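Presented below is the structure to which this report refers.
Just so it is clear, none of the values below were taken in a lab; they were calculated from the coordinates. The structure displayed is predicted, hence computed values, not measured ones. Heads up, the Cβs are rebuilt from the backbone with ideal geometry, glycines too, and the neighbour counts pull from every protein chain shown.
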Amino acid sequence: MISTVHGRPPHGERNASDGRPTARRRAGGRPAPHHRRTAPGDRRTAPGVLAGLAGLSLLVLTACGGSGRTGPDTTDPVPLPSPTATAQKMSEKNLGYTWPLTVDHGTAECREGDQAVFTVPDGTTYALNGRAEEAGYRDIGPVRATGDGGDKVSLGPLLSRTMGLCRVAG
């Protein structure tokens, strides 16, 4: 029988029949599973890892804002047509609960260099992403809606549709 240290054969041990390195074996002769070993004393368990992931997910969601609004004018959104240009009119009717602005409509546009902007009815153009802010467009903050939880409503759905306009340009 092969002597083992921590379930492993001594370094350099070879199978007598074909000269290949011997495989680790569990009790009963079955091969041991191949996995990374944890550091000595590492006692992380699946529930601990899951709890960590849940906490991280909660942190990410809270950092992004995202609490929606109750009672928007539109509860059954009207889908936007497929974009055919780099600018598209959008309104609360298109996004319903996820409409992130205090104005009810405007024009989303992708400008040169993937700058996502939104122009409100008074003609003011606001940045929806960092590239547009870096190009000098105003921060969207003054027209951004506040959700029921007190956080700003996520720009995600509006930004996603606006970035889709960039693909039309490319």
Worksheet entry | Inter-label distance for D148 and T107, nm, one decimal - labels placed 7 Å from Cα along Cα-to-Cβ | 3.5 nm
Worksheet item: Between Y97 and S82, how many nm apart are label points set 7 Å from Cα along the C-beta direction?
Response: 2.9 nm
Worksheet item: Between the range 85-150 and the range 152-169, what's the alpha-carbon centroid distance in Å?
Response: 9 Å
